[in-house]
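Scroll down for the structure; my scribbles are underneath it.
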Amino acid sequence: MKIYLKLSMFLLILVSPSIYAGNSRILSDSLKTDTLFIADSINVVSQDSITTIDTTKAPVQKEALIPVRQITALRPYEYGSKIKEKNFKTDDYRTSADLFTYLPYGFLQDLGQFGQPNEQMFYGMGFGNIGYSRDGVRLNSPWQNSFDLNRLAFERTDSLEIIPLTRGFLFDLYNNPVGVNFYTRDYFSPRPVTRLKFYQASFDEGFIDLLFHTIVSRRFSFGFGLTVSGIDSRYSNSDYESWKFNGKFSYMFNKNLFIRANYYFTNDSLALNGGLPTSSNVNGYYSNVLYSDRYQLSTNHYGDIKALATIFPNSKTDLTLYYQYDKQKFRQNANDKDADIPKIINDNSYQTIGMSFRNDYVNDYFNILASANYEFVDYSLEFMNTYQQENTFAVAGQLQLTPIESLIVPTFYAKYTNYANTSYLGFGGDVNIVLSDLLTLYGGLSFYSKPHSIMERYYSNAQNIPADYSLQKSPDKSKVKALEIAAKFNLDFFYANISYFTYSNTNAFKPIINNYADSLLINEISILESYSQSISGVNIDFNFRVWKLLFSNNVTYYFQTNNEDYTAKPDFSVAGKLYYINMLFNNNLRLKTGVNYRFTGEQPYFVYDFEKSMQTRFVTSDAGGTHLIKNEIVPTSFQFDLFLAGTIQEVATVFLVLENVTANDYYIVPYYYKQPQMLRLGVSWILFD
């Protein structure tokens, strides 16, 4: 896809006279942050108040109007991964998934090209087990129980957090074990601001993001954003194009009440070629693909009204009312071009009306975080011939004790969920122990039940699975047990976090393809077989700084068990950075340059059913039961990239990336070959009127 608008906007920036440089100051990187992942930080001069002063008149005392801040899941001192925009805005990323790779237990099942629906994994779990939310509202599709991170307008993100495994279920309506929360910005400079980010890469890959925000009065402000991205065919049938728009209106009644309204629109066109037919890329990067006529068109409308208030002393309240409409058009061999490929024409959609309520109370002795959520979903799912409605209601609470000046902070939590007229309970606790300024310990344990989505119930029901497969009883609710322990070390020049987790689920699902017939051209999952799942692993996340060099590594290893986890994931993964960071030219240029590298261990062969957003390794056998699709191992792989980012007077950042420097010919997901050596050049610029 060629986005000529990008070039026009880029030239407009170069000739614009309205650049506001602001006050430059000496910047430094610190290993002591509130995150498990240590990143260098650009400290931008911020103004949280929109109070203005007219120096031509006598001073008039006015009430400083600062928006009530959003309630986050993690407090600054709690264990978990927390990253603010100032820490990642000069990193190398296309989407949030690129940042997650460097967080504990983060891994991306990369399909090799921008825009593809990659499976993001944490703790060895991906689709169907990670609950994403934005400003406290669930992002996951209710019928797939997954979310494609390409559909998120990530440039609107002010901060994000990854919840510890034992607490994740508290913050997701479907009790997913992993919780990932995005928070957008509620406060801006008192001056009108325009920000533009642009990059261009090989294969006509392009990205442009425009953000505008202005203060209309002391109490009212509005802004909007537009993101356009895409890529042309590297292989046959591999195009991607995405348009995202959002608008925000904010009004501050007083310092205790802040109202805002949001609207998000996303429209994606995605080709799904299935990768190459073999592991030998003999015809170069434009080989034939498995599916020359398979694609998905997605449209999403989302709107909400949020009230943030301080109704009582020492407390904050967040009430959000929202509506969402989502439609996916999935097409495969729609024009009957190939007699060997099944024809699929499905329109799947849902409408959601919901409410999210949170209240956070804090005093010197204890904290209470309470939440309540309700969703009404109206499904229209052609692939299951299902047209029905469902209601979900959940209440959760956390009691945190803060004795002994918060050196030991125990937290107890519980949750009740009613989904599809079935009740689900959960409870647990954890503790943060600060032994000294150098050492912090964490331990958590939780027990809860997890509901099955409407799609999981359909494909695990004996009435819907193929007749020639041995019938199974519809599984009971999933009973989950999660444990995580960690130790964090923090010195002036060194930071390390070492953690261990174990997770078990009594009724996880083993996806199975029926009637595979030794062909790669049928990958529609039609059976979900219940089994008892168990996963455990360790992670070491450390950062070392000497002189102006920053060295960081994120290392994950999973303990191998037989027939206790059917999810494909590498046995180990390593993601790291080696950067030189310095202030140059009288502190007018902040330079960050170095190497990003990734090592990926072996994993079993698997395929994706993109319509259902599931991966599978198994197919039914003529002799009964199941067997592996291919008794094959995806080999280990590595890639390193050269990266340079220069920030000029805290306003403009120019970045240059040379990806896959050694031009390795490899894949992580069979057989979606990773991009060859390619160059990406971009700029991010803040303009003020």
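In table form, for the structure just shown:
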item	result
Whole-Å distance, taken between Cα centres, linking the stretch 567-597 and the stretch 97-170	22 Å
Reachable aspartates and glutamates, given that their alpha-carbon falls under 12 Å from the alpha-carbon of Lys569 and they are not under 8 places away in the same chain	Asp110, Glu119, Glu602
Among (1) 44, 33, 29; (2) 39, 31, 26; (3) 47, 40, 34, the entry that matches semi-axes √(5λ) of the Cα gyration tensor in Å as calculated here	(2)
Distance violations [Cα-Cα > 25 Å] among Lys248/Lys592; Lys84/Lys244; Lys450/Lys577; Lys415/Lys612; Lys577/Lys630	Lys248/Lys592; Lys450/Lys577; Lys415/Lys612; Lys577/Lys630
Under 13 Å from Lys548, Cα to Cα: aspartates and glutamates that are on another chain or at least 8 residues apart	Asp29, Asp40
Karplus (6.51, -1.76, 1.60) ³J(HN,Hα), θ = phi - 60°, over the stretch 87-96, in Hz, Gly and Pro reported as x	8, 10, 5, 9, 7, 8, 7, 9, 10, 4
Geometric extent, Cα atoms of the stretch 321-468 - Rg, Dmax (angstrom)	22.8, 72
Total formal charge among the other residues, if their Cβ is under 13 angstrom from that of Tyr379, Lys/Arg +1 and Asp/Glu -1	-4
Other-chain or far-sequence residues with amide H under 5 Å of Met678's (modelled H)	Glu659
The chain: calculated mean residue ellipticity at 222 nm from DSSP helix runs of at least 4, using -39500 (n - 2.57)	-1000 deg cm²/dmol
Trypsin sites (Lys or Arg not before Pro) restricted to the stretch 227-329 and DSSP loop, no more than 16 other C-beta within 10 Å	Lys255
Separation in nanometres of the label points that stand 7 Å from Cα toward Cβ, at Tyr323 and Phe427	4.0 nm
Neighbourhood charge, 12 Å Cβ-Cβ cut-off, centred on Leu425 and excluding it, Lys, Arg +1 and Asp, Glu -1	+4
Three-way shape label, the stretch 148-254, alpha-carbon gyration tensor, a/c 1.5	oblate
Folded to 0 to 90 degrees: helix 4-15 orientation relative to the chain principal axis, Cα	20 degrees
Order of Tyr495, Tyr387 under a 10 Å beta carbon neighbour criterion, fewest first	Tyr387, Tyr495
Radius 13 Å from Cβ of Ile311, net charge of other residues (Lys, Arg +1; Asp, Glu -1)	+1
Rg to Rh, two decimals, where the stretch 548-679 supplies the alpha carbon set and Rh follows Kirkwood	1.14
Candidate aspartates and glutamates for bridging to Lys479, where Cα separation is under 20 Å - those fewer than 8 sequence places away on the same chain excluded	Asp172, Asp430, Glu456, Glu529, Glu564, Asp565
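Bear in mind that the values in this text are calculations on the coordinates, not laboratory data. Predicted model only: the values in this text are computed from it and were never measured. Glycine also receives a Cβ, built like all others from the backbone with ideal geometry; neighbour counts cover every protein chain displayed.
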